[in-house]
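Scroll down for the structure; my scribbles are underneath it.
The values are calculated or read from the model by the stated rules, or taken from the named source; none is laboratory data. Quick caveat: nothing in here was measured; it's all calculated off a predicted structure. Counting neighbours? That spans all protein chains shown, and the Cβs are built from the backbone with ideal geometry, glycine included.
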Amino acid sequence: MKNPRAQTWSPTLILTVLQIIGTGLASNFQIKANIGENVTLPCVFPAVQGLPLTDIRVFWQTSSDDVLMYLDSGIVKRIHKTNRYSNRTHFFGEYLSRGNFSLLLARVVARDEEEVIHCYIQVKDNTGFSMRYSSGVQLEVSGCFSQPLLEGPGNNSYTCKDSINFTCTSMGEYPKPQVEWVVNHEKHHGHPSETLDHDLNTKLFNISSILTITASAVETVQCVIRNTRNQKMRYSVQLSFPNCIM
């Protein structure tokens, strides 16, 4: 059996796509999305409103031809769908006849932003189906899953001259997060050590930051995890310390 994606894209179709983009019948969107949530990918072409769906084909594919959804003459052809999009994509059925072929992408993952996702619309004419519209969607994905965990020296005894360590840990971040420290209610401008673990499968980051500071300089400590993309911040608990031993 032939590769279904190879069946979908002939040299003629690729040439037609390039011609359409060149004539301006293409739209591009950048959309923010959160990991684990749903997002709508827009694709609206009012010019086909009123046409029977049997005269329309819609392809949702990535730049590398991974298929999200394929609508052929009003029927969703699931045989073409790439596995990683299985059970994650849905049309808004009540809007198809209005020329709205937007797609609901469920359970967003970090990898969804790696490629532009394209919508291509073909309309039946005297020579068969011809490309009439295309759009591209670039997702900008963010994610944070855990409350920062802050650990201090515990019940270990130390003097005012001793250096003590505080460790701030957060897991499941995307993209790479930024760790900030707040000492005595003010932002600390030191240089904590940092360990970063990047899961190549999920693309998520685990981060651990260690702040070393002289005991006499500490009354309260707190760490903050900042998402560098959406600028959302999450705060750890605040640790308080009695006067150190001279």
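Within region 128-166, which residues are in a loop (DSSP other than H, G, I, E, B) and more than 30 Å from Leu41 (Cβ to Cβ)? Can you show your working first?
First pass over region 128-166, keeping only residues in a loop (DSSP other than H, G, I, E, B): 144-148, 152-158, 160-162.
Across region 128-166, the qualifying residues are Gln147, Pro148, Gly152, Pro153, Gly154, Asn155, Asn156, Ser157, Tyr158, Cys160, Lys161, Asp162.
When region 71-109 is examined, which residues are found to be over 13 Å from Pro52 (Cα atoms), basic (Lys, Arg) and at pLDDT 90 or above?
Arg88, Arg107
Looking at region 61-81, which of its residues are buried (at least 20 other Cβ atoms within 10 Å of the Cβ) and in a loop (DSSP other than H, G, I, E, B)?
The one that is buried (at least 20 other Cβ atoms within 10 Å of the Cβ) and in a loop (DSSP other than H, G, I, E, B): Lys81.
Considering only region 156-205, state which residues are farther than 26 Å from Glu219 by Cα and basic (Lys, Arg).
Residues satisfying the conditions are Lys176, Lys203.
Could you please find all residues in region 193-211 being surrounded by fewer than 16 Cβ atoms within 10 Å (Cβ to Cβ) and assigned to a loop (DSSP other than H, G, I, E, B)?
Selection gives Asp199, Leu200, Asn201, Thr202.
Looking only at region 197-211, count how many residues are over 21 Å from Glu140 (Cα atoms) and modelled with pLDDT under 95.
0
Among the residues of region 149-187, which ones are under 30 Å from Arg111 (Cα atoms), in contact (Cβ under 8 Å) with a residue 60 or more places away in the chain and of a type in the set (A, V, I, L, M, F, W, C)?
The answer is Leu149, Leu150, Cys168.
Collect the residues in region 13-60 that are modelled with pLDDT of 95 or more, more than 13 Å from Phe101 (Cβ to Cβ) and surrounded by 15 or more Cβ atoms within 10 Å (Cβ to Cβ), keeping them in residue-number order.
Across region 13-60, the qualifying residues are Ile31, Ala33, Asn34, Ile35, Val39.
Cβ-Cβ distance below 6 Å, separation of 6 or more or different chains: which pairs start in region 27-42 with a residue that is small (Gly, Ala, Ser) and end on one that is in a strand (DSSP E or B)?
Sorted first by the residue in region 27-42, then by its partner, the pairs are Ser27/Ser135; Ala33/Val39; Ala33/Leu139; Ala33/Val141.
Residues in region 101-158 that are at positive phi and among the small types (Gly, Ala, Ser): how many?
Of the residues in region 101-158, 2 are at positive phi and among the small types (Gly, Ala, Ser).
Tell me, yes or no, whether region 119-135 has at least one residue that is outside the structural domain of Thr212 (by TED's automatic domain parsing), within 15 Å of the chain's Cα centre (by Cα) and crowded, with 21+ Cβ neighbours inside 10 Å. Spell out how you get there, then give the answer.
Just the residues of region 119-135 that are outside the structural domain of Thr212 (by TED's automatic domain parsing), to begin with: 119-135.
From what is left, the residues that are within 15 Å of the chain's Cα centre (by Cα) are none.
Within region 119-135, none of the residues are outside the structural domain of Thr212 (by TED's automatic domain parsing), within 15 Å of the chain's Cα centre (by Cα) and crowded, with 21+ Cβ neighbours inside 10 Å.
Hey, among the residues in region 212-246 that are under 21 Å from Val109 (Cβ atoms) and β-branched (Val, Ile, Thr), which one's surrounded by the most Cβ atoms within 10 Å (Cβ to Cβ)?
If we take residues in region 212-246 being under 21 Å from Val109 (Cβ atoms) and β-branched (Val, Ile, Thr), then Ile225 is surrounded by the most Cβ atoms within 10 Å (Cβ to Cβ).
Please specify each residue of region 155-192 satisfying the condition of being loosely packed, with under 12 Cβ neighbours inside 10 Å and either within 30 Å of Asn34 (Cβ to Cβ) or among the hydrophobic types (A, V, I, L, M, F, W, C) (or both).
Lys187
Working only within region 83-113, note down all residues that are in a strand (DSSP E or B) and surrounded by fewer than 18 Cβ atoms within 10 Å (Cβ to Cβ).
Those that are in a strand (DSSP E or B) and surrounded by fewer than 18 Cβ atoms within 10 Å (Cβ to Cβ): His90, Asn100, Leu104.
Among the candidates Asp199, Asp162, single out the residue that is under 22 Å from Phe241 (Cα atoms) and not hydroxyl-bearing (Ser, Thr, Tyr).
Just one listed residue meets the conditions, Asp162.
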